[in-house]
1. Which residues, counting only those in the stretch 146-169, are crowded, with 17+ Cβ neighbours inside 10 Å, assigned to a loop (DSSP other than H, G, I, E, B) and at pLDDT 85 or above?
2. Please enumerate the residues belonging to the stretch 57-96 that are out of contact with any Leu (no Cβ under 6 Å at 6 or more places or on another chain), over 22 Å from Asn108 (Cβ atoms) and of a type in the set (A, V, I, L, M).
3. Among the residues of the stretch 67-91, what is the count of those that are loosely packed, with under 14 Cβ neighbours inside 10 Å and within 12 Å of His47 (Cβ to Cβ)?
4. Look at the stretch 170-209 and say how many of its residues are among the hydrophobic types (A, V, I, L, M, F, W, C) and at pLDDT below 85.
5. Determine if the stretch 5-28 includes at least one residue that is under 24 Å from Arg145 (Cβ atoms) and touching a strand residue (DSSP E or B) at 6+ places or on another chain (Cβ under 7 Å).
6. List every residue pair whose Cβ atoms lie under 9 Å apart, where the two residues are 6 or more positions apart in sequence or sit on different chains, the first residue falls within the stretch 138-150 and is under 12 Å from Thr186 (Cα atoms), and the second residue, located anywhere, is among the β-branched types (Val, Ile, Thr) and modelled with pLDDT of 85 or more.
7. Would you be able to say whether some residue in the stretch 29-41 is more than 29 Å from Gln143 (Cβ to Cβ) and out of contact with any strand residue (DSSP E or B) (no Cβ under 7 Å at 6 or more places or on another chain)?
Amino acid sequence: MPKLTKLVFFALIVKPLVFVVLGLNIRGRNHLPPRGPAIIAANHNSHLDVLVLMSLYPLRQLPGVRPIAAADYFFKNRWLKWLARHCIDIIPIERQAPDLNRIFDTANTALDVGNILIIFPEGSRGEPEKIGRIKKGLFHLLQGRSDAPVTPVFMHGLGRALPRGTALFVPFNCDVIIGEALQTATDANAFVAQLEHCFARLAEYCITRSH
């Protein structure tokens with residue numbers, strides 16, 4: 001039932017919203033990982049981010065495409081929890097877990113069964129169209145996971161279409177720029193710098209971004 005609910009939600013609501021109401025400039029779609037285990041690492045300005053990224057996949061693949069999200073936020077009331085579990089099928093993480101390894105238990109389990117994970121390295125939504133500080137959590141998840149390539153994605157415009165702190169949806173043209181999989185970094189600081197550089201390079205292809 002959860003998988004069927006997810007497919008119906010995306011087929012009848014999300015995909016029409018993304019591809020009809022929003023104007024999307026998608027570049028590098030062929031770089032999306034076709035199968036898991038794999039990770040998509042994207043910047044984060046809006047709740048629309050995850051819906052747009054998941055919509056890039058055909059319905060038949062959606063059961064295996066799952067975003068990582070904070071349990072303390074998405075499970076704070078029963079309605080949001082139902083939406084998160086059944087319509088989006090998030091991988092919940094406990095951000096306050098005392099053991100760093102425990103935080104990534106559910107993510108590693110999902111990778112083990114071949115899921116494609118969507119991760120926002122900034123950790124939470126930032127100000128509209130601004131990149132926040134990239135955290136080191138993704139690097140720690142990657143330790144021992146040479147089987148899970150990381151594909152960077154830079155998005156622009158979705159922070160204006162549905163900015164943080166508002167439920168008002170305003171149609172905008174938006175960019176989704178997908179890069180090639182990252183090379184393995186040797187340490188956390190090098191990985192963060194690599195991802196920051198990659199986001200900056202992908203941002204240059206955004207047609208909605210003022211230079």
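The values are calculated or read from the model by the stated rules, or taken from the named source; none is laboratory data. None of these values were measured; they are calculated from a predicted model. Cβ sites come from the backbone with ideal geometry, for glycine too, and all protein chains shown count toward neighbours.
1. Ala148, Pro149, Gly157
2. Of everything in the stretch 57-96, those that are out of contact with any Leu (no Cβ under 6 Å at 6 or more places or on another chain), over 22 Å from Asn108 (Cβ atoms) and of a type in the set (A, V, I, L, M) turn out to be Leu80, Leu83.
3. Result for the stretch 67-91: 2.
4. Residues of the stretch 170-209 that are among the hydrophobic types (A, V, I, L, M, F, W, C), as a first pass: 170, 172, 174, 176-178, 181-182, 185, 188, 190-193, 195, 198-200, 202-203, 206-207.
Checking which are at pLDDT below 85 leaves us with 170, 172, 185.
Counting residues in the stretch 170-209 that are among the hydrophobic types (A, V, I, L, M, F, W, C) and at pLDDT below 85 gives 3.
5. Taking every residue of the stretch 5-28 in turn, at least one turns out to be under 24 Å from Arg145 (Cβ atoms) and touching a strand residue (DSSP E or B) at 6+ places or on another chain (Cβ under 7 Å).
6. That search, which allows pairs on different chains as well, returns Phe139/Val192; Leu142/Ile39; Leu142/Val150.
7. No, the stretch 29-41 contains no residue that is more than 29 Å from Gln143 (Cβ to Cβ) and out of contact with any strand residue (DSSP E or B) (no Cβ under 7 Å at 6 or more places or on another chain).
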